[in-house]
Amino acid sequence: MNPTAARDIDAALVWLRRDLRVDDHAALYHALSSARQVWCAFVFDTDILDALPGGHGDGGGGKADRRVEFIRDSLVGVDAGLRALAAAHGVEGVGLIVGHGRAAELLPALADALHVQAVHASHDDEPYALARDAQVRGRLAQRGIALHTCKDHVIFERDEVLTRAGSPFAVFTPYKAAWLAKLDPYYVRAYPVSKHAAALAPRPAHTPALAVGRCWLGVPALAEIGFAPSTLHRLALPSGAAGADELLADFLAGRVDHYHERRDFPAVKGPSYLGVHLRFGTVSVRRLAREAWQRAQAGSRGAEVWLSELIWRDFYHQILHHHPQVVGHAFRPEFERIRWEQGRQADAHFAAWCEGRTGYPLVDAAMRQLVQTGYMHNRLRMLSASFLTKDLGLDWRRGEAWFARHLNDYDLAANNGGWQWAASTGCDAQPYFRIFNPLTQSRKFDPGGHFIRRYLPRLAKLSDEAIHTPWLAEPAALAAAGVGLGRDYPPPIVDHAEARARTLQRYAAVRPAATRER
């Protein structure tokens, strides 16, 4: 991270992807410290955008997606941040260049039009990104332009944390121990971007003429990239680096030290809510890990548990790197033989799960929170995933895809890892005989039914006990609460005890083991 003594090349382009900020930015630092002129660009990749279902709108016309709007709003912050950095060094006219088209074609064309000698970007190990980057690297090479990529979105990546035998870890606990043993201040030190900001170059006087896609000197409106406003503006989710700063400051002001006590209760303000900011890089993971590590060393149990969650994130990213077959397949091949439920009833059960109509209030409240807000509490992610795979007997890939469609913080590595953990098919999976009991979870983690009442308002007048099991409530109690079972809320679509027995048989067919319930 030491600044270089001299600039190596005349001009470079920084390609922003999942790193939408200007501070502590690895690729930006490397570009600024090696080139005399540096531009920054982001491409709305139509290969990605065209595949989005666009179901996050307010009901108006046009395709809408909360994540696209979050990105667009965050880019406004990046644009302003670049201007501020440059102005502090007396450079005017600096700002973001934004493209819209196939990134594999548009980015090389833009680099060529700007006459740069190098493009800098952060690593992205998702299969699509690796294939796209290979195309970009080839097209840039044809133009005599180098592509330099670097680590930015995790603390340790790829082969940086290995077993003593030199192989990748497949179990989290020893991985965490090795991760912590390797950690030192160097790995969480911020990149001093501002020291080199004088190399930021003013944008061209005119929009570069490209044969592919479209380009703007600045951030286009949503409509210009073919999207309508989503429900994002109605959510308490601040975007951009400023939004990440706001959420982090609120978390560190007092909640972090109680994180281990409060994080499992969805009605309590316990988590950091920084997941979407980590996903799109509007906050540096080094900054978060540094805060967590320093506070943990000072004796904060909450910070220690929070740091562990950041380590889980690194763990799943290195799993994806070393085992790309987890995309679409079980990590443990024997579980590919599981016979998941199929047919008309299975499809009806899946629809009920997606729409929050399973008859289990905490599961249904969680699923409605997901669709309405794009957020789901981590405890509820585990519960809803367990319910789909262990109570309904449905393929984890169906749930994984539903989460991918709706989660604001959707990240392939973490989503896949979490689903395979819940389905007991993954590298460090929950043993298949440990099955979440939705009623036990409901009474333990939402004892007063506050979360359930928020997302299932038709049940709001039930007592704290009855709200977890409305089908067991006395008819008079249901009538007094204005609840008609089967009219206002469905009875359970499966009996948990019976479903548990079927699950044990299903999994035992591929891996026999003892049974016990969590």
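The values are calculated or read from the model by the stated rules, or taken from the named source; none is laboratory data. Note that the coordinates shown come from a computational prediction; the quantities given were computed from them, not determined experimentally. Using ideal geometry, Cβ is built from the backbone for each residue, glycine included, and neighbour counts are taken over all protein chains shown. Surface accessibility is based on the protein's heavy atoms, side chains included, excluding ligands, DNA and RNA. Shrake-Rupley method; radii C 1.70, N 1.55, O 1.52, S 1.80 Å.
Quick notes on this structure:
- For residue 518: the one exception among (1) at pLDDT below 95; (2) under 30 Å from residue 68 (Cβ atoms); (3) open to solvent by 70 Å² or more (accessible area, probe 1.4 Å): (2)
- Criterion (among the small types (Gly, Ala, Ser), touching a residue at least 60 places away in the same chain (Cβ under 8 Å) and part of a loop (DSSP other than H, G, I, E, B)) met by exactly one of 197, 209, 205: 209
- Yes/no for residue 462 being aliphatic (A, V, I, L, M), over 33 Å from the mean Cα position of the chain (by Cα), under 20 Å from residue 365 (Cβ atoms) and open to solvent by 20 Å² or more (accessible area, probe 1.4 Å): no
- Candidate set from the range 169-185 (those that are in contact with a helix residue (DSSP H, G or I) (Cβ under 8 Å, 6 or more places away or on another chain) and part of a loop (DSSP other than H, G, I, E, B)); member that is surrounded by the most Cβ atoms within 10 Å (Cβ to Cβ): 169
- Qualifying positions in the range 120-176 - within 21 Å of residue 332 (Cα to Cα) and among the aromatic types (Phe, Trp, Tyr): 169, 172, 175
- Exclusive hit being of a type in the set (Asp, Glu) and open to solvent by less than 10 Å² (accessible area, probe 1.4 Å), set 347, 409, 428, 364: 364
- Selection within the range 157-193 - charged (D, E, K, R) and touching a strand residue (DSSP E or B) at 6+ places or on another chain (Cβ under 8 Å): 159
- Options 193, 188, 161; residue that is surrounded by 14 or more Cβ atoms within 10 Å (Cβ to Cβ) and in contact with a His (Cβ under 7 Å, 6 or more places away or on another chain): 193
- The residues listed here are 132, 137, 72; of these, the one that is at pLDDT 95 or above and either under 19 Å from residue 35 (Cβ atoms) or assigned to a loop (DSSP other than H, G, I, E, B) (or both) is 137.
- Scanning the range 209-240 for residues that are closer than 14 Å to residue 273 by Cα and either basic (Lys, Arg) or in contact with a Lys or Arg (Cβ under 9 Å, 6 or more places away or on another chain) (or both) returns 235, 237, 239, 240.
- Residue within the range 227-242 that is over 17 Å from the mean Cα position of the chain (by Cα), more than 28 Å from residue 380 (Cα to Cα) and crowded, with 20+ Cβ neighbours inside 10 Å present: yes
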